[in-house]
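The values are calculated or read from the model by the stated rules, or taken from the named source; none is laboratory data. Quick caveat: nothing in here was measured; it's all calculated off a predicted structure. Positions of Cβ are generated from backbone atoms using ideal geometry, with glycine treated the same way; all protein chains shown enter the neighbour counts. For accessibility, only protein heavy atoms count, side chains too; no ligands or nucleic acids. Shrake-Rupley method; radii C 1.70, N 1.55, O 1.52, S 1.80 Å.
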Amino acid sequence: MEMFESVEEWAAQWPNLASLAGAVGTVLTTLIAVVAAIYAARQVRLARLEREDRNRPFVTVMLRPSHGIVANIVIRNEGTTVARNVRFAFTPEWESSDPARTAIRESKVWREGIPNLVPGQELAIFADMFPDRYGTTLPRTYDVEVSCDGRKRRWRRETERLTDSYVLDFDIFHGYRTATLWGLHDIGEALRRINTKLEHWQETAIGPLSVVVRDGDRRDERERAEMEEYVAERAAERAQAEQPRPEDDTVTVRDAATAVNAQHPIRRPPAARRSSGQRPANAADEGLERPKAE
């Protein structure tokens, strides 16, 4: 009986419990909606910031060695939009090992900045020489602050100023060697020199350069054929000369009538001496002088 009474009481309280459960559900739903709205707003904000970072100008300042010993200060826009009113400041004040190179601080770029720097455009400034720099007591490290105009804020009616900081350290290029990389500027310079050289190639003072075309392959083939033919002819002549000749079966007859015999000088024997008192054998000898008696 007591149990029945408790059930009746519970049933009497059911509308109140249902109202309480509905209120709790409404509160939970509202909380979930608020959390979802906050999350969605955060995601939208992150997407907007990511889009702005992706589409903003991004100006960098760095040291770039050239030809192994030249130190260039390179200002480059790595972003996707135009960088306007670019300015940079060095801490401490920039100094070079050569007073003539220190004078770049008086240039318009150094004093007033760069009006426009399109995406991918860079400005290289010849700043110093690494060997000369290492031989001085000048600072090796510089802090550079670069600023440029960003997006415009509609509710403030002003342009946002974007600022980035960099460190230029000369010591990171000390102690090792680098390879020389030839760029588009070097290629253009080489082509300009070739063009200048070709313009001076002239056959006469007022005429252009004459060009002679030679078919070397045909000439080489013809000379090769002539040489092979010559070698074959010489080999045939040597082979013919080495063959044995048949012996003749005739006897050579000398024609005595037409033969010419060389005449040798006739040498007479010396005259014999006669003793005293002898007369010559003939009358022809009478005129000869007699030898004196010994």
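Taking region 61-97, which residues are loosely packed, with under 15 Cβ neighbours inside 10 Å, among the acidic types (D, E) and under 20 Å from M129 (Cα atoms)? Result: E93, single match. For N72, are the conditions met, namely being farther than 13 Å from F126 by Cα and of a type outside the set (G, A, S)? Taking the combined requirement at face value, the residue does not satisfy it. Within region 42-60, if we keep just the residues that are open to solvent by 70 Å² or more (accessible area, probe 1.4 Å) and over 44 Å from the mean Cα position of the chain (by Cα), the residue that is nearest to G150 (Cα to Cα) turns out to be R48. Selection within region 98-141: residues that are within 29 Å of the chain's Cα centre (by Cα) and exposed (fewer than 13 other Cβ atoms within 10 Å of the Cβ). The member of this set that is farthest from R161 (Cα to Cα) is P131.
Is it the case that region 55-77 has a residue that's out of contact with any Cys (no Cβ under 6 Å at 6 or more places or on another chain), free of Cβ contacts under 8 Å to residues at least 40 places away in the same chain, at negative phi and charged (D, E, K, R)? Scanning region 55-77 turns up no residue that is out of contact with any Cys (no Cβ under 6 Å at 6 or more places or on another chain), free of Cβ contacts under 8 Å to residues at least 40 places away in the same chain, at negative phi and charged (D, E, K, R).
Candidates in region 132-156 are the residues that are part of a strand (DSSP E or B) and farther than 17 Å from L168 by Cβ; of these, the one that is modelled with the highest pLDDT is C148.
Looking across region 173-198, the residues that are closer than 22 Å to L123 by Cβ, in contact (Cβ under 8 Å) with a residue 24 or more places away in the chain and either among the hydroxyl-bearing types (S, T, Y) or open to solvent by 80 Å² or more (accessible area, probe 1.4 Å) (or both) come down to T178, T180.
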